[in-house]
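Asks: The structure's right below; bear with me while I get my questions together.
The values are calculated or read from the model by the stated rules, or taken from the named source; none is laboratory data. Note that the structure is predicted; figures quoted are calculated from it, not measured. Here the Cβ positions follow ideal geometry from the backbone for every residue, glycine too, while neighbour counts run over all protein chains shown.
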Amino acid sequence: MAPGVEVAREGAHSWTISIRGFNSDLSNKLLVLIDGRSVYSPLFAGVFWDAQDTLLQDIERIEVISGPGGTLWGANAVNGVINIITRSASDTVGSLVELAAGNEQQGAIGLRHGWLVGGDIAARVYVKYSEHDASEFPDGTDGVDDGRRAQGGFRMDWTRDDRTNVTVQADAYGAELGALLRGDFTLGTLPGPDTPGNVDISGHNVLARWDRQLANDANIRFQAYYDHTSRDIPGSFNERRDTLDIDLQHHLRRGDRHNIVWGAGFRLTSDELDNTLFASFIPDERTDTTLSLFLQDEIALWDRLFLTLGTKLEHNDYTGFEIQPNVRAAFQVAERQRLWASVSRAVRIPARLNTDLHLTAPVSVPGLPVPLYVNVNGNDDYRSEEVVATEMGYRVGFTQAVSLDLSLFYNRYDHLQTQEAGNVTVVGDPPEYLLLPASLENGMEGDTYGGTLVANWQPMPSWRMQFQYAYLDFDLKIKPGATNTNALAIAGNSPANQAAIHSFLELPYELSLYTGILYTDELTAAGIPGRTEVNLSLDWRATERLRTSLTVRNLNDDTHLEFGGGNLIERSAFLKTVWTF
């Protein structure tokens, strides 16, 4: 529902999500956080979306920041940031029961209980379990990506005094996800057909945060968290990862003109990988540290003109020091009109996949007398991918009921990934197999440009509408010395045009109706045609404590493909009841 965000579903539990292009099943230019805890994976610089969940009723808001956020958020906030923030335990006192069922989301139950511990401490605990049906293979047969997932956790918020707040929270989860698993093979043979099996994922985390209000509207925040994740994919690889992150942030004002925020951070991440012939990481254990320091100052030049200057200095174990500066100007044209422009630099630092991967993929070639293997290797000299982004925007409220928000961008990228092939070698005499080596390089550069338009209209107090349009265009090219023109196809994984109309209507008898009509342009890389999706959700508040909703997705379409290599996404209906007491 956020403009410019690309969401494509590959199956029952897999998604590709990006902002401003470069979408793929290994999307790596979007930073995602949950209550300040990064869920970015240093294995491939992206997000395992199948591992992220919580009770929807506990979410306070989801912030979507389009464009680079390196100055405040750090490396990998290249094209945007998604920040999910949950409610304080003091806002969830009491009990909640959530029951849901549908044809795709077959069943779900959520339980939560919150209570006050004395007058200044609030706490809550929750558990959640869900099962979902498999999607369909592209040929229309039943898929194998069904799944079962369980999660639980707690949160405690302590208001120590008028100025100090302490939060401690933790989550633990486990899931069994159906998948087609690659058959075993040895060099000189081809694997048998893929077989149905399960991918097992699990994890747990604990986070502590201390906030202190200081004099003159200043504040200081200290946060630390530990996160453990585990993923077992038979035939591919197994990963176990531990991450420790510590952050300090201080906000203060100097005089009437300077609004300053600065901070420092330390992150340590350590992994253990069980390698296979198909995918191995060398070394199979690695520990990396990241140190960061940032400073940003919003300067009031005069009553209506503001200038923001900032930079983040970060040191990582792959490329050393990285600088991510930002310059932003905002002009309050009138009471309801604001004009802004910015220039910023952000980087996506290398991941284990870029430097340590050794992938051996059998390729079946009809008529070839011996097997062929593509051997892809990481590169110790892999550089950070970088973007220099120029943005501008205009926001105007014509009346209390009508507003318009326009943003435009031009991004210049360098050191984008390519896969450069070497020469085929024959192994054995007589030949046993052929080997095609390839290495990961920074062989692509180019530009993207586009923008988003959001128009809000509230024709009556009980009816609100929003129109969204997003445009994106690519101009990528292979750099001198590189040869892999196939890398240019990444541009075809993102729609050039996206549009949506959202309607929120309050009806009599405590009913409310959401209607969404969304258009997504074709994905040329895989020949996925453009699609229109109609979604409806009818909500009935039977009493102040009992609420029931019926949601139908893809109302206008039995099945469709959303991404290359994915399965058919079916029409779904979902009935949910939430009871609070």
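Asks: Against the conditions (1) farther than 30 Å from Gly118 by Cβ; (2) at pLDDT 95 or above; (3) surrounded by fewer than 21 Cβ atoms within 10 Å (Cβ to Cβ), where does Arg61 fall short? Just the number, please.
Replies: Result: Arg61 passes all but (1).
Asks: Could you go through segment 202-223 and let me know if any residue there is under 21 Å from Asp284 (Cα atoms) and touching a strand residue (DSSP E or B) at 6+ places or on another chain (Cβ under 9 Å).
Replies: The initial filter retains those residues of segment 202-223 that are under 21 Å from Asp284 (Cα atoms), namely 202-203.
From what's left, touching a strand residue (DSSP E or B) at 6+ places or on another chain (Cβ under 9 Å): 202-203.
Among the residues of segment 202-223, at least one is under 21 Å from Asp284 (Cα atoms) and touching a strand residue (DSSP E or B) at 6+ places or on another chain (Cβ under 9 Å), which makes the answer yes.
Asks: Under the condition of being of a type in the set (Gly, Ala, Ser) and under 30 Å from Asp162 (Cβ atoms), which residue from segment 181-226 is farthest from the chain's Cα centre (by Cα)?
Replies: Applying the first criterion (of a type in the set (Gly, Ala, Ser)) to segment 181-226 yields 183, 188, 192, 197, 202-203, 208, 215, 218, 224.
Narrowing further to those that are under 30 Å from Asp162 (Cβ atoms): 208, 215, 218, 224.
Numbers: Ala208: 23, Ala215: 37, Ala218: 31, Ala224: 21 Å.
Filtering first and then ranking leaves Ala215.
Asks: Going through segment 70-80 one residue at a time, which ones are in contact (Cβ under 8 Å) with a residue 60 or more places away in the chain and closer than 18 Å to Ser41 by Cβ?
Replies: The first filter runs over segment 70-80 and keeps only residues in contact (Cβ under 8 Å) with a residue 60 or more places away in the chain, leaving 70-72, 74-80.
Gly74, Ala75, Asn76, Ala77, Val78, Asn79, Gly80, listed by residue number.
Asks: Would you pick out the residues in segment 137-170 that are of a type in the set (Val, Ile, Thr), closer than 30 Å to His560 by Cα and surrounded by fewer than 18 Cβ atoms within 10 Å (Cβ to Cβ)?
Replies: From segment 137-170, those of a type in the set (Val, Ile, Thr) are 141, 144, 159, 164, 166-168; that's our starting set.
Within this subset, residues satisfying the condition of being closer than 30 Å to His560 by Cα are 141, 144.
Answer for segment 137-170, where residues must be of a type in the set (Val, Ile, Thr), closer than 30 Å to His560 by Cα and surrounded by fewer than 18 Cβ atoms within 10 Å (Cβ to Cβ): just Thr141.
Asks: Report whether or not Gln324 is over 30 Å from Phe281 (Cβ atoms) and out of contact with any Phe, Trp or Tyr (no Cβ under 7 Å at 6 or more places or on another chain). Break it down stepwise before answering.
Replies: On the way: over 30 Å from Phe281 (Cβ atoms): no; out of contact with any Phe, Trp or Tyr (no Cβ under 7 Å at 6 or more places or on another chain): yes.
Spelling it out, it is not the case that Gln324 is over 30 Å from Phe281 (Cβ atoms) and out of contact with any Phe, Trp or Tyr (no Cβ under 7 Å at 6 or more places or on another chain).
Asks: Can you pull out every residue in segment 135-192 that is closer than 30 Å to Leu434 by Cα and either touching a Cys at 6+ places or on another chain (Cβ under 8 Å) or not in a strand (DSSP E or B) (or both)? Step through it out loud before you land on a result.
Replies: At the first step, the residues of segment 135-192 found to be closer than 30 Å to Leu434 by Cα are 179-192.
Hits for segment 135-192 are Arg182, Gly183, Asp184, Phe185, Thr186, Leu187, Gly188, Thr189, Leu190, Pro191, Gly192.
Asks: Testing Asn556 on (1) in a helix (DSSP H, G or I); (2) under 24 Å from Asp142 (Cα atoms), one condition comes back false. Which one is that?
Replies: For Asn556, the failing item is (1).
Asks: Kindly indicate whether any position in segment 556-568 is at pLDDT 95 or above, crowded, with 18+ Cβ neighbours inside 10 Å and more than 24 Å from Ala2 (Cβ to Cβ).
Replies: yes
Asks: Can you list the strands (runs of 3 or more DSSP E) lying wholly within segment 1-70 that have 1 or more residues being under 22 Å from Ser230 (Cα atoms) and among the β-branched types (Val, Ile, Thr)? First the steps, then the outcome.
Replies: On the way: elements: 5-9, 15-19, 30-34, 59-66.
The qualifying strands (runs of 3 or more DSSP E) are 15-19, 30-34.
Asks: Also: Can you name the number of the only condition in (1) under 18 Å from Trp15 (Cα atoms); (2) surrounded by fewer than 18 Cβ atoms within 10 Å (Cβ to Cβ) that Pro508 fails?
Replies: With (1) under 18 Å from Trp15 (Cα atoms); (2) surrounded by fewer than 18 Cβ atoms within 10 Å (Cβ to Cβ) applied to Pro508, the lone miss is (1).
Asks: Filter segment 222-266 down to the residues that are of a type in the set (Lys, Arg) and in contact (Cβ under 8 Å) with a residue 40 or more places away in the chain, then identify the one that is farthest from Asp288 (Cα to Cα).
Replies: Quick first cut of segment 222-266, residues of a type in the set (Lys, Arg) only: 231, 240-241, 253-254, 257.
From what's left, in contact (Cβ under 8 Å) with a residue 40 or more places away in the chain: 231, 241, 257.
Numbers: Arg231: 19, Arg241: 11, Arg257: 40 Å.
Once the filter is applied, the top-ranked residue is Arg257.
Asks: Quick check on segment 101-123: of everything there that is among the hydrophobic types (A, V, I, L, M, F, W, C) and crowded, with 19+ Cβ neighbours inside 10 Å, which residue is nearest to the chain's Cα centre (by Cα)?
Replies: Of segment 101-123, the ones among the hydrophobic types (A, V, I, L, M, F, W, C) are 101, 108-109, 111, 115-117, 121-123.
Narrowing the set further to residues that are crowded, with 19+ Cβ neighbours inside 10 Å leaves 122-123.
On the way: Ala122: 30, Ala123: 28 Å.
So, considering only residues that are among the hydrophobic types (A, V, I, L, M, F, W, C) and crowded, with 19+ Cβ neighbours inside 10 Å, the one nearest to the chain's Cα centre (by Cα) is Ala123.
Asks: Among the strands (runs of 3 or more DSSP E) confined wholly to segment 267-365, which include 1 or more residues that are surrounded by fewer than 15 Cβ atoms within 10 Å (Cβ to Cβ)?
Replies: 285-302, 305-316, 320-334, 337-348, 357-363
Asks: Leu406 passes all but one of (1) under 26 Å from the mean Cα position of the chain (by Cα); (2) buried (at least 17 other Cβ atoms within 10 Å of the Cβ); (3) under 25 Å from Ile517 (Cα atoms); which number fails?
Replies: Every condition holds for Leu406 apart from (2).
Asks: Do any residues in segment 529-542 that are at pLDDT 95 or above and assigned to a strand (DSSP E or B) have Cβ atoms under 8 Å from those of residues that are among the hydroxyl-bearing types (Ser, Thr, Tyr) and loosely packed, with under 15 Cβ neighbours inside 10 Å, where the two are at least six apart or on different chains, and which pairs are they?
Replies: Between residues of segment 529-542 that are at pLDDT 95 or above and assigned to a strand (DSSP E or B) and residues that are among the hydroxyl-bearing types (Ser, Thr, Tyr) and loosely packed, with under 15 Cβ neighbours inside 10 Å, the close pairs are Trp540/Tyr509.
Asks: Follow-up question, since we're still on this one. Arg383 - would you say it is among the basic types (Lys, Arg) and closer than 30 Å to Leu440 by Cα? Talk me through it step by step, then tell me what you get.
Replies: Numbers: among the basic types (Lys, Arg): yes; closer than 30 Å to Leu440 by Cα: yes.
Answer is yes for this residue.
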